[in-house]
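What follows is a short report on a single structure.
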Amino acid sequence: MSRVICPGSFDPVTVGHIDIISRASKMFDEVIVAVLVNVSKKPSFSIAERMNFLRKVTASLENVEVVGFDGLLADYAKQCKATAIVKGLRAVSDFEYEFQMSLTNKKLNPDLETIFLTTSSEYMYLSSSIVKQIAQFGGDITPFVAPCIKDEIVERLCKNRNII
Ligand code: PNS
């Protein structure tokens, strides 16, 4: 039985993330989508909100489970007996950081492999921060997020927009 983790901040989940998660769900028996803390990012959505979005957009994928974890990814992988991390790689700019994370996780948990899936070309430019910026300034995020969570994202980000 193959069990892998798709980790990330998912702040919020984009169609690019969904592409990676659904491709992983075809390759492995079980996929755990783990919402984790990235200490270098200041999130706009709580972990509970991000998990809620992820549960909605992965509802049709039977072998996908969504969890939140406030700790090291390498420890969580050990705890849930996952054998690999699956991450999407968009461009060379992602590589250095992902390579460092992969080696760090391997050092912390030598049984843990990292598998990189090349992003689908139509999502190469896409990121959660781009989605947030478009929504905050009243742009249309329809092409970038799943229809079932679009309105919630827009409502939340417009409401919290700072007034200068
Ligand atoms: O979507 P992101 O922000 O690129 O995901 C990064 C994430 C959340 C997977 C990474 O920051 C992470 O693994 N956080 C948990 C803490 C951890 O294990 N850090 C790496 C070892 S220092």
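Residue pairs whose Cβ atoms lie under 8 Å apart, separated by 6 or more positions or on different chains, with the first residue in the range 20-41 and more than 12 Å from the ligand (Cβ to nearest atom) and the second open to solvent by 80 Å² or more (accessible area, probe 1.4 Å), are 29/1; 30/1; 30/65; 31/65; 32/65. Can you confirm whether residue 53 is more than 10 Å from the ligand (Cβ to nearest atom), aromatic (Phe, Trp, Tyr), buried (at least 16 other Cβ atoms within 10 Å of the Cβ) and under 23 Å from residue 126 (Cα atoms)? Against the criterion (more than 10 Å from the ligand (Cβ to nearest atom), aromatic (Phe, Trp, Tyr), buried (at least 16 other Cβ atoms within 10 Å of the Cβ) and under 23 Å from residue 126 (Cα atoms)), residue 53 qualifies.
For the range 100-128, the set of residues classified as surrounded by 12 or more Cβ atoms within 10 Å (Cβ to Cβ) and part of a helix (DSSP H, G or I) consists of 101, 102, 104, 105, 106, 108, 123, 128, listed by residue number. Just to be sure, is residue 95 under 15 Å from the mean Cα position of the chain (by Cα), within 15 Å of the ligand (Cβ to nearest atom) and either in a helix (DSSP H, G or I) or surrounded by 19 or more Cβ atoms within 10 Å (Cβ to Cβ) (or both)? Considered against the rule, which asks whether it is under 15 Å from the mean Cα position of the chain (by Cα), within 15 Å of the ligand (Cβ to nearest atom) and either in a helix (DSSP H, G or I) or surrounded by 19 or more Cβ atoms within 10 Å (Cβ to Cβ) (or both), residue 95 comes out as no.
Of all residues in the range 1-24, which are more than 11 Å from the chain's Cα centre (by Cα) and closer than 16 Å to residue 119 by Cβ? Hits for the range 1-24 are 22, 23, 24.
For (1) modelled with pLDDT of 95 or more; (2) under 22 Å from residue 133 (Cβ atoms); (3) part of a helix (DSSP H, G or I), each residue gets a yes or a no:
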| site | (1), (2), (3) |
| --- | --- |
| 6 | yes, no, no |
| 10 | yes, yes, no |
| 13 | yes, yes, no |
| 22 | yes, no, yes |
| 38 | yes, yes, no |
| 44 | yes, yes, no |
| 59 | yes, no, no |
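Candidates in the range 62-72 are the residues that are of a type outside the set (Asp, Glu) and closer than 11 Å to residue 6 by Cβ; of these, the one that is farthest from the ligand (Cβ to nearest atom) is 64.
Conditions tested, residue by residue: (1) touching a strand residue (DSSP E or B) at 6+ places or on another chain (Cβ under 9 Å); (2) at pLDDT 95 or above; (3) among the hydroxyl-bearing types (Ser, Thr, Tyr).
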| site | (1), (2), (3) |
| --- | --- |
| 116 | yes, yes, no |
| 142 | no, yes, yes |
| 157 | no, no, no |
| 161 | no, no, no |
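Checked against (1) in a helix (DSSP H, G or I); (2) under 13 Å from the mean Cα position of the chain (by Cα); (3) within 11 Å of the ligand (Cβ to nearest atom), residue 85 passes all but a single condition, namely (1). Mind checking which residues of the range 129-147 are touching a residue at least 40 places away in the same chain (Cβ under 8 Å) and in a loop (DSSP other than H, G, I, E, B)? Answer for the range 129-147, where residues must be touching a residue at least 40 places away in the same chain (Cβ under 8 Å) and in a loop (DSSP other than H, G, I, E, B): 143, 144, 145, 146. When residue 85 is tested against the conditions (1) farther than 17 Å from residue 10 by Cα; (2) crowded, with 19+ Cβ neighbours inside 10 Å; (3) not aromatic (Phe, Trp, Tyr), the lone failure is (1).
Considering 68, 88, which residue is touching a Leu at 6+ places or on another chain (Cβ under 9 Å), without any contact (Cβ under 8 Å) to a residue 40 or more places away in the chain and within 24 Å of residue 46 (Cβ to Cβ)?
On the way: 88 fails: without any contact (Cβ under 8 Å) to a residue 40 or more places away in the chain.
Criteria check complete, one pass: 68.
The values are calculated or read from the model by the stated rules, or taken from the named source; none is laboratory data. Treat the numbers as computed from the prediction; the structure is a model and nothing was measured. Ideal geometry is used to build each Cβ from the backbone, glycine not excepted, and the neighbour counts take in all protein chains shown. Heads up: the accessible areas ignore ligands, DNA and RNA and are worked out on the full protein's heavy atoms, side chains in. Shrake-Rupley method; radii C 1.70, N 1.55, O 1.52, S 1.80 Å.
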